[in-house]
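> The structure's right below; bear with me while I get my questions together.
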Amino acid sequence: MGREGWGWRPFWGGTAGSAALWQNRAGLAVLCRLTLLSLLLPQPLEMDGAAGVPAELQGGRAQADRVLTAQEWLHKWETGTAAFHKEHGHPLLEKYLDVLLSGRSGLRIFFPLCGKAVDMKRLADLGHSIVGVDISEQALKEFFADQGLSYCEEPVPGIAGAKKLQVGFLLLPNGLVEIVGKFDGVWDRGALVAVNPCDRPRYASLMISLMEKNSSYLLVTVLYDPNKHKGPPFYVPESEVKSLFGNHCEIKLLEKVSDFSERHRRWGLDYFLEVLYILKFVA
């Protein structure tokens with residue numbers, strides 16, 4: 001499985017001075033906790049909507065003030081209600097993996113807010129260096145248990161120097177790029193759509209800072225009637241993807257697929273689409 005010494009560098013992690021890094025001996029690294037990124041509250045984004053979505057829904061203004069806390073996300077894992085997890089991997093990543101890899105081998109690939117995504121193991125088995133980040137220690141331990149991987153827990157030095165502020169639920173350290181380096185690829189399914197709407201510009205800026213030149217970023221967003229469901233996952237139209245990332249990369253919509261289920265019907269929705277984009281960083 002892969003090669004030894006994949007060369008990842010650790011994230012800072014933990015709360016109240018505690019930090020831990022989870023790593024299995026084959027080189028697959030996942031963090032159990034993260035320090036807090038100072039997130040400024042930006043002005044509302046200018047949005048002109050996405051194709052195929054009724055004009056009165058464009059911009060998701062019904063969700064503009066929606067904020068989830070870290071505890072709410074942890075509760076989903078603790079109570080077994082993390083319905084967003086896919087037991088057999090994500091079919092869009094399976095279908096478009098070659099687009100992400102572009103024929104390259106030995107890439108460093110980032111899974112933001114990874115949960116226990118089984119796709120991490122698959123890409124590690126292909127020889128890529130995987131870094132996944134999530135707030136839930138339980139999810140990460142379950143990932144290793146589910147995959148039959150042994151791991152060791154190690155302290156992460158330097159936590160005392162981390163600046164800790166909390167805005168919304170997003171927990172990421174300042175100066176992340178200096179700590180972890182940059183990535184050749186990103187699989188973002190359930191990350192951008194989980195970030196509180198007011199925090200998206202800072203999240204996008206952070207992700208841009210982590211990308212190598214000519215890197216590839218597969219981004220999955222969701223479309224539905226935001227007046228009928230408050231999120232998460234949050235409604236993100238194409239215009240907002242362009243507003244967040246368009247100055248730094250080329251954006252192409254690859255596919256829209258219905259992921260509508262009984263769960264979405266219970267939310268009061270009539271449709272629920274997953275939308276896949278490829279972002280090619282050129283600057």
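> Among the residues of region 199-256 satisfying the criterion of being within 25 Å of Gly103 (Cα to Cα) and among the basic types (Lys, Arg), which is surrounded by the most Cβ atoms within 10 Å (Cβ to Cβ)?
Among those residues, the one meeting the criterion is Lys256.
> Any chance region 117-126 includes a residue that's under 30 Å from His229 (Cβ atoms) and either at pLDDT below 80 or surrounded by fewer than 21 Cβ atoms within 10 Å (Cβ to Cβ) (or both)? Talk me through it step by step, then tell me what you get.
Of region 117-126, the ones under 30 Å from His229 (Cβ atoms) are 117-120.
The next check asks that each one be either at pLDDT below 80 or surrounded by fewer than 21 Cβ atoms within 10 Å (Cβ to Cβ) (or both); those that pass are 118.
So far as region 117-126 goes, yes, one or more of its residues are under 30 Å from His229 (Cβ atoms) and either at pLDDT below 80 or surrounded by fewer than 21 Cβ atoms within 10 Å (Cβ to Cβ) (or both).
> Being more than 17 Å from His90 (Cβ to Cβ), modelled with pLDDT of 95 or more and either touching a helix residue (DSSP H, G or I) at 6+ places or on another chain (Cβ under 8 Å) or assigned to a strand (DSSP E or B) (or both) is the requirement here; does Glu255 meet it? Don't jump to the end; show me each part of the working.
On the way: more than 17 Å from His90 (Cβ to Cβ): no; modelled with pLDDT of 95 or more: yes; either touching a helix residue (DSSP H, G or I) at 6+ places or on another chain (Cβ under 8 Å) or assigned to a strand (DSSP E or B) (or both): yes.
The answer is no for Glu255.
> Same structure, new question: Do we have Leu192 as over 13 Å from the mean Cα position of the chain (by Cα), among the hydrophobic types (A, V, I, L, M, F, W, C) and modelled with pLDDT of 95 or more here?
It is false that Leu192 is over 13 Å from the mean Cα position of the chain (by Cα), among the hydrophobic types (A, V, I, L, M, F, W, C) and modelled with pLDDT of 95 or more.
The values are calculated or read from the model by the stated rules, or taken from the named source; none is laboratory data. Predicted, not measured: the structure shown is a model, and the values here were computed from it. Cβ coordinates were reconstructed from backbone atoms using ideal geometry, including for glycine residues, and neighbour counts include every protein chain displayed.
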